[in-house]
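The values are calculated or read from the model by the stated rules, or taken from the named source; none is laboratory data. Since the model is a prediction, treat every value here as computed from it, not as a measurement. Every residue, glycine among them, receives a Cβ derived from its backbone with ideal geometry; neighbour counts consider all protein chains shown.
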Amino acid sequence: MQTFGCQMNVADSNGLAHQAWSMGCTFVADPALADIMILNTCAIREKAETRVYGRLGQLKLFKDARPDSKLLVCGCLAEKDREIMRSKAPWVDALLGPRDYRQFKRLLDRWGVATDSPPADAIFTMPSAEDDPGHDSHQAYAHLRALVNITRGCEKFCTYCIVPYTRGPLESIDPEEIEAQIRREVKAGAKEIMLLGQNVNSYSHDSGLDFAGLLVRLKAIEGVERLTFLTSHPKDFDRAVVDALAELPNAAPRMHLPMQSASNAVLEKMARLYTIEEYLDKVAYFRERLPGWALTTDIIVGYPTETEADFEKTLEVVGAGTFEQAFIFAYSPRAGTPAATMTPQVPQAEKIRRLQAVNAAQNDATRRFHESFIGDTVRVLTQGPSKKDATRMAGKTGHNVTVVYPRDARTEHRAFVDVEIDQAYNWGLSGIVA
Ligand code: 5AD
Ligand code: SF4
């Protein structure tokens, strides 16, 4: 099993993996040994699609070598390219979109997986994630963080976005179910709980419970050392949420609030439903009530009709150090969305120039943020051995900053490690165990 894309996909993969395991499947790191290969895919930008099709080309070789093996493609690209996939990758045996996972067990049953119970000696281990097939050194730490869906789908229909088409309308999950899952995860060792939704602020349960109310309710659950959530929408994100966060003893001090653009003309074309003034007002209240938190954002440059003046507004807000971190994307047309046919489209070279300029401005702000930790002792939740340097461990602070520190018998077996920071980089921090 291999997963591309967002945390939502990772959460879905966890669910599918657990179902497969409960029917008697075990996971192998090498696709050459697999009876069933599952690719959980992403369609958010063209690049994500290209990588999936590249991987499908490689998996064909494994299928050719083992003609009885099966290949299942799920996720957003399975939904979006349902027809195209048949001609582009006819060796795929089955497609399940994000709303079809109820059919997963039936499919496995059809493929001869039918014991309906895990093998007696099997331990449930998570299969590897994106870019990392077969990399298992983080598996031993995966249980420390749990992803818990609170909503599914999205009805915002931002004009560039494919998600409402692939994931369907908004559903809010019952609070009892959310609480039960959090309790299960804590029992299984989770220290950090990440509440997930395309727009968590649109959480709205029949009982009248909204997102702020849900946060307050989750306060009662013991053992959650860090509570965090993804993603917020600036239209629905309000003071009540900030106030609720200020009351939570265990909220991780970070908040992701996608701005997308600082030009009102572009925001309107994107159908984002807020102005930049409203956005910055909400940020000001957030900064006032939650000092010391990290604010991160998503930005799209080169949106259709984006002028140099529009772009400079975005550059200015980023250059002012508004964000501790930003994920900046060149606009990628998604067939079937309104923006794909808007004119004029921005030439690719110009998109790249704008991307690099905003990235450079953000890198300065990010480095300043990281440098502010030098000399401090920070609590780090372990992720596992550093992928770049096996003599070190890596983990994340409550702000979600990556920290590397020496690997030894002591640090390898601890969930949390206190690290004294001595170096700051663009990508994060390094230090010694305090
Ligand atoms: N092109 C570029 N970026 C996009 N995003 C969503 N759709 C597109 C697209 N068509 C970005 C948005 C969103 C993030 C998850 O991906 O910034 O917040
Ligand atoms: Fe896409 Fe907008 Fe929904 Fe986010 S809120 S998933 S960007 S449509």
Checklist entry - Here are some conditions: (1) out of contact with any Asp or Glu (no Cβ under 6 Å at 6 or more places or on another chain); (2) among the aliphatic types (A, V, I, L, M); (3) buried (at least 20 other Cβ atoms within 10 Å of the Cβ). A11 meets all but one. Which one does it not meet? => result (3)
Next on the checklist: Among the residues that make up the stretch 265-278, is at least one of them away from ligand 1 (no atom under 16 Å from the Cβ), under 18 Å from K351 (Cα atoms) and surrounded by fewer than 22 Cβ atoms within 10 Å (Cβ to Cβ)?
Outcome noted: yes
Item to check | Whichever residue in the stretch 231-284 is closer than 24 Å to R145 by Cβ, of a type outside the set (A, V, I, L, M, F, W, C) and part of a loop (DSSP other than H, G, I, E, B) and, among such residues, is farthest from ligand 2 (Cβ to nearest atom) | outcome: P249
Checklist entry - So which residues in the stretch 151-184 are β-branched (V, I, T), more than 11 Å from ligand 2 (Cβ to nearest atom) and part of a loop (DSSP other than H, G, I, E, B), if there are any at all? => result I173
Checklist entry - Of all residues in the stretch 362-410, which are among the aromatic types (F, W, Y) and in contact with a helix residue (DSSP H, G or I) (Cβ under 9 Å, 6 or more places away or on another chain)? => result Y405
Checklist entry - Which numbered condition trips up L355, out of (1) out of contact with any strand residue (DSSP E or B) (no Cβ under 9 Å at 6 or more places or on another chain); (2) surrounded by 14 or more Cβ atoms within 10 Å (Cβ to Cβ)? => result (1)
Next on the checklist: Against the condition without any contact (Cβ under 8 Å) to a residue 40 or more places away in the chain and within 25 Å of F369 (Cβ to Cβ), how does R254 come out, does it pass?
Outcome noted: no
Checklist entry - List pairs: first in the stretch 333-353 and within 15 Å of ligand 1 (Cβ to nearest atom), second at pLDDT 95 or above and not in a loop (DSSP other than H, G, I, E, B), Cβ under 6 Å, 6+ apart or cross-chain? => result P333/A340; R334/A340; K351/A330
Checklist outcome for this item: Taking the stretch 315-352 and keeping residues touching a strand residue (DSSP E or B) at 6+ places or on another chain (Cβ under 8 Å) and within 16 Å of ligand 2 (Cβ to nearest atom) leaves A326, F327, I328, F329, A330, Y331
Checklist entry - Which condition number does P90 fail, the rest of (1) modelled with pLDDT under 95; (2) of a type outside the set (D, E, K, R); (3) surrounded by fewer than 19 Cβ atoms within 10 Å (Cβ to Cβ) being met? => result (1)
Checklist entry - Can you find even one residue in the stretch 354-368 that is touching a Gly at 6+ places or on another chain (Cβ under 7 Å), of a type outside the set (G, A, S), within 25 Å of N250 (Cβ to Cβ) and without any contact (Cβ under 8 Å) to a residue 60 or more places away in the chain? => result no
Next on the checklist: Within the stretch 363-434, considering only strands (runs of 3 or more DSSP E) that don't extend past its boundaries, which have at least 2 residues that are surrounded by 14 or more Cβ atoms within 10 Å (Cβ to Cβ) and at pLDDT below 95?
Outcome noted: 377-385
Next on the checklist: Six or more apart or on different chains, Cβ atoms under 7 Å: show the pairs whose first residue is in the stretch 292-316 and on the phi > 0 side of the Ramachandran plot and whose second is surrounded by 15 or more Cβ atoms within 10 Å (Cβ to Cβ) and not β-branched (V, I, T).
Outcome noted: G292/P253; G302/A330; G302/Y331; G302/E350; G302/K351; G302/R354; T305/K269; T305/M342
Next on the checklist: Looking only at the stretch 136-158, filter to residues that are over 30 Å from E225 (Cβ atoms) and surrounded by 17 or more Cβ atoms within 10 Å (Cβ to Cβ); which one of those is modelled with the lowest pLDDT?
Outcome noted: K156
Checklist entry - Scanning the stretch 163-189 for residues that are of a type in the set (D, E) and in contact with a strand residue (DSSP E or B) (Cβ under 7 Å, 6 or more places away or on another chain), which turns out surrounded by the fewest Cβ atoms within 10 Å (Cβ to Cβ)? => result E171
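Looking at the stretch 231-265 only, could you name the residues that are of a type in the set (A, V, I, L, M, F, W, C) and touching a strand residue (DSSP E or B) at 6+ places or on another chain (Cβ under 8 Å)?
Within the stretch 231-265, A240, L245, L248, A251, A252, M255, L257, M259 meet the criteria.
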